[in-house]
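Shown next, in structure tokens, is the structure this report addresses.
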Amino acid sequence: KDDSFRRKLQGTLRNAGLEDRVLFLGKQPYKKIPALIRAMSVVTALSRSEGFGLTVLEAMASGVPVVTSEAGAWKDIVRHGTDGFVCPTGEAKEVSIALSKLLKDQDLAERMGCSGRERILSCYTIEREAEMLTDHLLSLRQMNH
């Protein structure tokens with residue numbers, strides 16, 4: 001589908017001597033996604049604009065540290081330095097520093113991954129989401145009466 005973009009990325013990785021560090025898996029069945037995420041050292045989500053992407057939540061729930069941009073809700077979800085790193089949008093140097101820290105310090109990566117998982121399990125349960133939605137709907141109802 002995005003063959004030209006994939007080839008461009010592969011060329012960039014090859015030129016940087018990093019082609020052996022990145023796998024292009026293509027589309028995968030949904031059932032395989034959790035295991036694939038858990039196999040990662042770090043998950044990056046570096047969009048310049050994002051509403052509420054699930055990538056970060058899925059990584060955190062899987063115990064994988066994250067490096068995100070400040071786009072969308074990520075800056076409010078990821079506790080910088082605790083669950084992962086939140087970098088200024090478009091700042092490649094900050095992203096590079098964050099990735100280097102996580103890839104060089106396995107203990108730090110494990111601590112951040114565990115912290116992120118605990119945060120998701122405590123803050124994003126189905127019960128909590130249902131409660132927040134109910135509260136919101138009740139507040140709308142009260143506004144109309």
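The values are calculated or read from the model by the stated rules, or taken from the named source; none is laboratory data. Please read all numbers here as calculations on a predicted model, not as lab measurements. Because the Cβ atoms are built from the backbone with ideal geometry, glycine has one as well, and the counts that use them run over all protein chains shown.
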Members of the range 102-145 found to be closer than 23 Å to V78 by Cβ and either surrounded by fewer than 10 Cβ atoms within 10 Å (Cβ to Cβ) or among the hydroxyl-bearing types (S, T, Y) (or both), listed by number: K104, D107, S115, S122, Y124, T125, I126, E127
When residues of the range 1-42 are limited to those that are charged (D, E, K, R) and surrounded by 10 or more Cβ atoms within 10 Å (Cβ to Cβ), the one nearest to V66 (Cα to Cα): R38
Contacts under 8 angstrom Cβ, first residue in the range 96-109 being closer than 13 Å to V66 by Cβ, partner β-branched (V, I, T), 6 or more apart: A98/V67; L99/V42; L99/T44; L99/V67; L102/V42; L102/V67; A109/V42
Every residue from the range 1-21 that is part of a helix (DSSP H, G or I), over 24 Å from the mean Cα position of the chain (by Cα) and under 20 Å from S96 (Cα atoms): G11, R14, N15
Count of the range 22-37 residues which are within 17 Å of L99 (Cα to Cα) and at pLDDT 90 or above: 1
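Please give the strands (runs of 3 or more DSSP E) falling wholly within the range 29-107 in which 1 or more residues are hydroxyl-bearing (S, T, Y). Before you say what the answer is, go through the steps one by one.
Values: elements: 43-45, 66-69, 84-87.
By residue number, 43-45, 66-69.
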Selection from the range 68-104 of residues that are of a type in the set (A, V, I, L, M, F, W, C) and more than 20 Å from C123 (Cβ to Cβ): C87, A92, V95, I97, A98, L99, L102, L103
Test: residue in the range 86-108 that is among the hydrophobic types (A, V, I, L, M, F, W, C), under 12 Å from the mean Cα position of the chain (by Cα) and at pLDDT below 85: no
Residues that are in contact with an Asp or Glu (Cβ under 8 Å, 6 or more places away or on another chain) and over 18 Å from C114 (Cβ atoms), drawn from the range 40-71: S69, A71
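Quick test for you: out of R117, R111, pick the one residue that is modelled with pLDDT of 95 or more and touching a helix residue (DSSP H, G or I) at 6+ places or on another chain (Cβ under 8 Å). First the steps, then the outcome.
Numbers: R111 fails: touching a helix residue (DSSP H, G or I) at 6+ places or on another chain (Cβ under 8 Å).
Matching residue, one of R117, R111: R117.
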Residue that is nearest to the chain's Cα centre (by Cα), among those in the range 48-75 that are crowded, with 17+ Cβ neighbours inside 10 Å and small (G, A, S): A59
